[in-house]
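Worksheet: one structure, shown below.
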Amino acid sequence: MRLLEENHIILSPEESDVGKRLDIFLADKIEGWSRARLKKLITEGDVLVNSSESKPSYKIRKDDVIEVELTELPATSFKPEAIPIEIVFEDEFLAVVNKPSGMVVHPGAGVHSGTLANAIAWHFNLENVDGSNRVGIVHRLDKETSGLMVVAKSQEVQEKLSAQFQNREVFKQYIALVHGAVEQESGKIDAPIGRDRKNRLKMKVTTQGGRSALSFWRVLRRYEKFTLLEVEPKTGRTHQIRVHLAYIGHPIVGDRLYNSGRDKTVANQQIKQAIAKLNRFFLHSARLEFNHPVTGRRLSFSCDLPAELSEFLSFLQKATLTVS
């Protein structure tokens, strides 16, 4: 086993592994992960065999190279914390929350408190039981991304919601402000995403081990040297929207990881300073639709841009001439 980073590993089979199912092979090699969870990683495309997606039933061969992205940490012990969160909707089965920028979704990678999981554990009155209680985080948003998330209150509801994400039955819509004047009014980006081997913190568009990724976008408003977009990701790859928009030459404003220093090249000094003061990238989960896992009713939610983003747009409009 080779550990590329905390949650990214490469496995090489031994003679005794040949002929095993892929999900069984992973369960034997990766401690602390259930076969069911590993099977889900495989079906979601987070496991590559010889740089290609595979199936849980795939039979291991001697010279296979298996690459695994452990996209969720195994259950860990953490305490409920009385952290205020905005509840958009809640019933006995689930809740929809409006996550603020700067909040990590789940404990891990050295972060053990102050997360959304800590907050909802307190809000739902959940207690740690033998250090193995797990709050029903169904999907994730990057730390700096704000907006809507759905949270399950039971394992059964979590599994049903996760299946909807996997089957692309969930509608997700984001608002992003990008650098440059996007030429067309709408379009799609169909480009596979994989890890950037030169920078382990980044993802990139690549055909070498990349996983299929599809995003649709349309222009909401044009500013001088900036464009406000509505983005609908059809897949859920790590950093997908950020990577895709950077790939077409229009990185997200404030995204230090993917915009190659574009924030620092802004000619208008007032705007440059305002971007630095923003201290986050301009990406917000604005709409979320899914089927209620118990009643079957279609639920639809939306939330406005947080104050810092709406105020930045107002400032941008005053600082530059709006393009019609």
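Please treat every number below as a calculation from the coordinates, not as lab data. Nothing here was measured: the structure is a model prediction, and the numbers come from that model. Glycine also receives a Cβ, built like all others from the backbone with ideal geometry; neighbour counts cover every protein chain displayed.
Hydropathy first: keep DSSP H helices in the chain averaging at least -0.5 on Kyte-Doolittle, then drop any whose Cα extent along the axis falls short of 15 Å, and list what survives.
Going by DSSP H runs, the hits are 307-319.
Let me see the pair-distance distribution of region 209-250: every alpha carbon pair, 5 Å bin width, integer percents in order.
In whole percents, the pair-distance histogram is 5, 20, 30, 24, 11, 6, 3, 0.
With 10 angstrom as the radius, rank Thr227, Thr295, Thr206 by how many other C-beta atoms surround their C-beta, starting from the fewest.
Fewest-to-most Cβ neighbours within 10 Å comes out as Thr295, Thr206, Thr227.
Using +1 at the C-beta of Lys and Arg and -1 at the C-beta of Asp and Glu, which of Asn268, Tyr247, Leu278 has the Cα lying farthest in the positive direction of the dipole of region 218-320?
The residue sitting farthest along the positive end of the dipole is Tyr247.
Just to be sure I understand: with springs between alpha-carbon atoms less than 10 Å apart, which residue in Gly209, Gly19, Gly136 has the highest mean-square fluctuation in the Gaussian network model of the chain?
Gly19
Calculate how large, on average over all directions, the projected area of the Cα convex hull of region 171-298 is; give the answer in nm² to one decimal.
9.4 nm²
Looking at the chain as a GNM with Cα springs under 10 Å, which of Val88, Val97, Val47 has the largest mean-square fluctuation?
Looking only at Val88, Val97, Val47, the largest GNM fluctuation is found for Val88.
Using a Gaussian network model of the chain with C-alpha springs under 10 Å, which one of Ala117, Ala267, Ala163 is most mobile by mean-square fluctuation?
For the chain, modelled as a Gaussian network with Cα springs under 10 Å, the answer is Ala267.
Report, by chain and number, residues whose modeled amide H sits under 5 Å from the one on Met203, excluding near sequence neighbours (fewer than 5 apart, same chain).
Asp196
Please work out the Kirkwood hydrodynamic radius for region 2-69, using every pair of different C-alpha atoms, and report it in angstroms with one decimal place.
For region 2-69, inverting the mean 1/r across all distinct Cα pairs yields 11.7 Å.
Of the lysine pairs in region 95-235, how many meet both conditions: Cα atoms under 20 Å apart, and a spacing of 8 or more in sequence or different chains?
Within region 95-235, the lysine pair count is 13.
Give me D for the chain in µm² s⁻¹, whole number, from Stokes-Einstein with Rh from the Kirkwood sum over alpha-carbon pairs, 10 °C and 1.306 mPa s.
Calculated translational D: 75 µm²/s.
What ranking of Tyr174, Tyr223 emerges when the number of other C-beta atoms within 10 Å of each C-beta is taken as an exposure proxy, fewest first?
Ascending number of Cβ neighbours within 10 Å: Tyr223, Tyr174.
Under 19 Å between alpha carbons, and skipping anything fewer than 8 positions from Lys29 in its own chain: which lysines qualify?
Lys20, Lys39, Lys40, Lys55, Lys59, Lys62
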